[in-house]
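The values are calculated or read from the model by the stated rules, or taken from the named source; none is laboratory data. Quantities reported herein were computed from a predicted structural model and do not represent experimental measurements. Virtual Cβ from ideal backbone geometry, glycine too; neighbours counted across all protein chains shown.
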Amino acid sequence: MIKQCMTTQVYAVSADEPISRARNLMLKHDIGRLIVIGEENNPVGIVTKKDITKRLAQAEPTWRRRPIDNIPVSLVMTENLLNIHQEATAAQAAEIMLENEISGLPVIKKDNDDEKLVGIITKHDLIRHYSTKEYITKVKDVMDTYVVTVNIHHTIDHALYEMNENNVNVIVVLTEGNKPAGVISRDNLAFTELTDADGNVYGREVKMARRDVAAGMKKYRYIREMPLVAEDVMTPLNKTISGNERVVDAAKVMSTIGTKSLIVIDDEIVGILRADNILNEIKKQT
C-alpha cells in the first residue's frame, strides 16, 4: 500500500509566497516539488522545479519582467491537484503518474467527512519500494534503446533543442572519441544560472596567453566570447549499469544516488533505463 512507501514529510508553500521562497525550500531540502496551500491551509496545487524553469523561460508573460522575489507561486503552480488515497497500491500510483506525466502525488486519508494530507508519493519513493523486491526482470528487457547524445562542445541551446526535439528529459554527453562523459537532465538545468538579468546566455571566460617578446614573461588577458557548452553543466557519468543486471538492482542504485535514469553500457552504450521504465514494471504488479 501507498502508506508503506510514501514520504510523510511534506514541504509546503503558500500560493501568495514568491517563487524565490519555493526555490530556496527545494534547494535546502533537496526536493523537486512543493505542495501549494491556500488561505485555509488546504492543498490547492503543486509546484515543481520544472514548473519554475518552464514558466520563467517563456518569452512574453508580463511577470517575467519582475524580479523572482515578486512573482507569486500561484502564477507558476499546477492547479487541479491529483491525489491518491493512502490505501491505494504502488501499481495504482505508478499508473496515475504515467498516464498524467507527473512525478509526484499528494497522499490523503479520510478524516470524518474531510480529506487530510498525510504524505506524498514520488517516482523516487516507488523506485525505492521496487528495489526491495526479488523480481528477476533484466534491464535489457525494459530499457529504452534510443539514446540522445550531444558532444561535450555543443552549446546548451543545442542540448535543450535535442531534448525538446526528441521529447526526452536526459541526454548523454560524449567526448571527442564518442565515449560517454556525463549526462544532462532537465532537473540538472532547472536551477542552473544560464542567463543574466537581461536574459542573455552566460558565456565562459577564456584565458589567452601572450608574450610581448619571444622570451618575455607570459601575460594573460580574458575574453568572454564562448557560450556555455554541454561540458560546463553536465553531471559526470560516475555510475552505469549492464543490460544483463536485474532491474531491481538498478533501482537500488537509482535510489541510493538519487537519479531518475542510468546509462546502460555493454562495451558501448546500448540504452538508458529511466524511472518510467521501472514504473511500467510496477504497474504490472498486483
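For the reader, a short list of remarks on this structure follows.
- Positions within segment 2-56 being on the phi < 0 side of the Ramachandran plot, assigned to a loop (DSSP other than H, G, I, E, B) and not polar (S, T, N, Q), in sequence order: 5, 6, 10, 11, 15, 16, 17, 31, 32, 38, 39, 40
- Residues within segment 99-143 that are out of contact with any Asp or Glu (no Cβ under 9 Å at 6 or more places or on another chain), closer than 14 Å to residue 260 by Cα and either among the hydrophobic types (A, V, I, L, M, F, W, C) or part of a strand (DSSP E or B) (or both), tallied: 5
- For segment 129-139, the count of residues that are under 18 Å from residue 243 (Cβ atoms) and either without any contact (Cβ under 8 Å) to a residue 24 or more places away in the chain or basic (Lys, Arg) (or both) is at least one.
- Filtering segment 266-282 to residues that are assigned to a strand (DSSP E or B) and either over 21 Å from the mean Cα position of the chain (by Cα) or free of Cβ contacts under 8 Å to residues at least 12 places away in the same chain (or both) leaves 266, 268, 269, 270.
- All conditions but one from (1) in the same structural domain as residue 249 (by TED's automatic domain parsing); (2) out of contact with any helix residue (DSSP H, G or I) (no Cβ under 8 Å at 6 or more places or on another chain); (3) modelled with pLDDT under 95 apply to residue 201; the one that does not is (2).
- Taking the numbered list (1) out of contact with any strand residue (DSSP E or B) (no Cβ under 8 Å at 6 or more places or on another chain); (2) in a helix (DSSP H, G or I); (3) small (Gly, Ala, Ser) in turn, residue 159 passes all entries but (1).
- The residue that is surrounded by the most Cβ atoms within 10 Å (Cβ to Cβ), counting only those in segment 94-128 that are of a type in the set (A, V, I, L, M) and free of Cβ contacts under 8 Å to residues at least 60 places away in the same chain, is 105.
Okay, residues lined up against (1) at pLDDT below 70; (2) of a type in the set (S, T, N, Q); (3) under 24 Å from residue 109 (Cβ atoms):
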{"position": "24", "(1), (2), (3)": "no, yes, no"}
{"position": "30", "(1), (2), (3)": "no, no, no"}
{"position": "38", "(1), (2), (3)": "no, no, yes"}
{"position": "45", "(1), (2), (3)": "no, no, yes"}
{"position": "54", "(1), (2), (3)": "yes, no, no"}
{"position": "61", "(1), (2), (3)": "yes, no, no"}
{"position": "64", "(1), (2), (3)": "yes, no, no"}
{"position": "70", "(1), (2), (3)": "no, yes, no"}
{"position": "76", "(1), (2), (3)": "no, no, no"}
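- Restricting 196, 157, 187 to those that are surrounded by 18 or more Cβ atoms within 10 Å (Cβ to Cβ) and either over 30 Å from residue 48 (Cβ atoms) or at pLDDT below 85 (or both) reduces the list to 187.
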